[in-house]
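Worksheet: the structure to be examined is printed underneath.
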Amino acid sequence: MISREDLARYLHELLRVDAFDDYAPNGLQVQGRARIRRVVSGVTASLELVRRAAELDASALLVHHGWFWRGEDLRVTGQRHLRLKALLQADINLYAYHLPLDAHAELGNNARLAAQLGWQAESHFGRQQLGVLGRAPQATRGELSARLEQVLGRRPLLVGDADSAVGRLAWCTGAAQGWIEQARDAGADTYVSGEISEPTAHFAREMGIAYLACGHHATERYGVQALGEHLAARFGLEHHFIDLDNPA
C-alpha cells in the first residue's frame, strides 16, 4: 500500500509535471481514501469508468483525460455532477496526467505507441517537444496503415498515396492533427496522430505529406496502462486497466 500523498509526490516527479504548461491540473484532482492498494487505470474519467472502478473497490483511478479543463464551465451540474457524485460516494482518488503522460520517454503515450508498432524514435518537434520523429519498419504507407489497423483494432483514415514510401515518420497521439505543418517542417514524409479535422486533409495534400488518423482513444490506450503497471510493480499495488470502447 501507499499513501495518497506519497503516490501524488512520486507521480509528480516521475512524470516531470512542472515542466509542462497544460490545459488541466495534473496530479490528484479529487481526494479519496487515505491509503491506496488497488488502482484502476483508463483513458478518460467517464462516468462508466468511475462506476467500474467503484465495483472493483478501487482506492485510486488513474487516467489520461481527467476533469477541470481550462475554459470549461466550472459549475458542478449535469454530467460533471453525476461523475463527481459517483467518485465521492465511492471514496476514490482521481489522479490525471495529460501532457506529462504523452511525453514520458518510457511510459508515455508516444513512447508506448511506438513500442507497440516497432517504431524507432530519433528526435522531437513541436510545442514542448511532444511530437516524435523517427522510422517505421514498413516500406509503404499502405503497409503502415495495415499494421496500425492490426495493432489498434480499427482502420486508420489515410490521406495520401498508399503505395508511396513511408519515408521519415512523425507521430503524436490524441488530437495533434494541428501539428501537421510542424511535422512537415521537421522533415516528416508521413504523420500519424489520433484525430482529423476538416483542414487536415487539405494541408496534407498541399504540403505533400501523408496523414493517418488512427483514433484519439486508440492511440492513447497504452501510456496510462503502462503507468499503472509500473506503480503496481514498484509499490506492490493491485492494478486493473479498463479499456472502454470509444470510436473517436
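The charge dipole of segment 1-120, taken about its Cα centre with unit charges on the Cβ atoms of Lys, Arg (+1), Asp and Glu (-1) only, comes to about 440 debye.
What stretch of the chain, leaving out the sites themselves, is the longest with no chymotrypsin sites (Phe, Trp or Tyr not before Pro) in a DSSP loop having at most 15 other Cβ atoms within 10 Å? Here the longest segment lacking exposed loop sites spans 70-248. Restricting the GluC sites (Glu not before Pro) of segment 49-107 to loop positions (DSSP other than H, G, I, E, B) with no more than 14 neighbouring Cβ atoms within 10 Å leaves 72, 106. Rounding to the nearest 10 and keeping the result within 0 to 90°, find how far the Cα-based axis of helix 141-152 lies from the longest principal axis of the chain. Compared with the principal axis, the helix lies near 20 degrees. Placing +1 on the Cβ of every Lys and Arg and -1 on the Cβ of every Asp and Glu, with nothing else charged, gives the chain a dipole about its Cα centre of roughly 620 debye. Dipole check for segment 51-175: with +1 at the C-beta of Lys and Arg, -1 at the C-beta of Asp and Glu, and the Cα centre as origin, the magnitude is about 280 Debye. Dividing the summed helix terms, -39500 (n - 2.57) for each DSSP H run of n ≥ 4, by the number of residues in the chain produces a 222 nm estimate of -10500 deg cm²/dmol to the nearest 500.
Shown for 240, 217: other C-beta atoms within 10 Å of each C-beta, ranked fewest to most, produce the order 240, 217.
Spatially, segment 66-88 and segment 141-169 are offset by 37 Å when compared through their Cα centroids. Averaging Cα coordinates gives a centre for segment 21-45 and one for segment 170-248; these two points are 21 Å apart.
For the pair residue 75 and residue 246, label points projected 7 Å from Cα toward Cβ lie 2.6 nm apart. Placing a label point 7 Å from the Cα of residue 10 along the Cα-to-Cβ line, the residues of segment 28-56 whose backbone N sits under 16 Å from it are 28, 34-41. Going from the fewest other Cβ atoms within 10 Å to the most, the residues 180, 2, 242 appear in the order 242, 2, 180.
Note on 59, 197: ascending count of other Cβ atoms within 10 Å places them as 197, 59, the fewest first.
Within the chain, DSSP assigns beta bridges of which about 45% are antiparallel (rounded to the nearest 5).
Taking label points 7 Å from Cα along the Cα-to-Cβ direction, residue 139 and residue 105 give a separation of 3.4 nm.
Each value in this text was obtained by applying a stated rule to the coordinates, not by laboratory testing. Since we're looking at a predicted model, the values are computed, not measured. Using ideal geometry, Cβ is built from the backbone for each residue, glycine included, and neighbour counts are taken over all protein chains shown.
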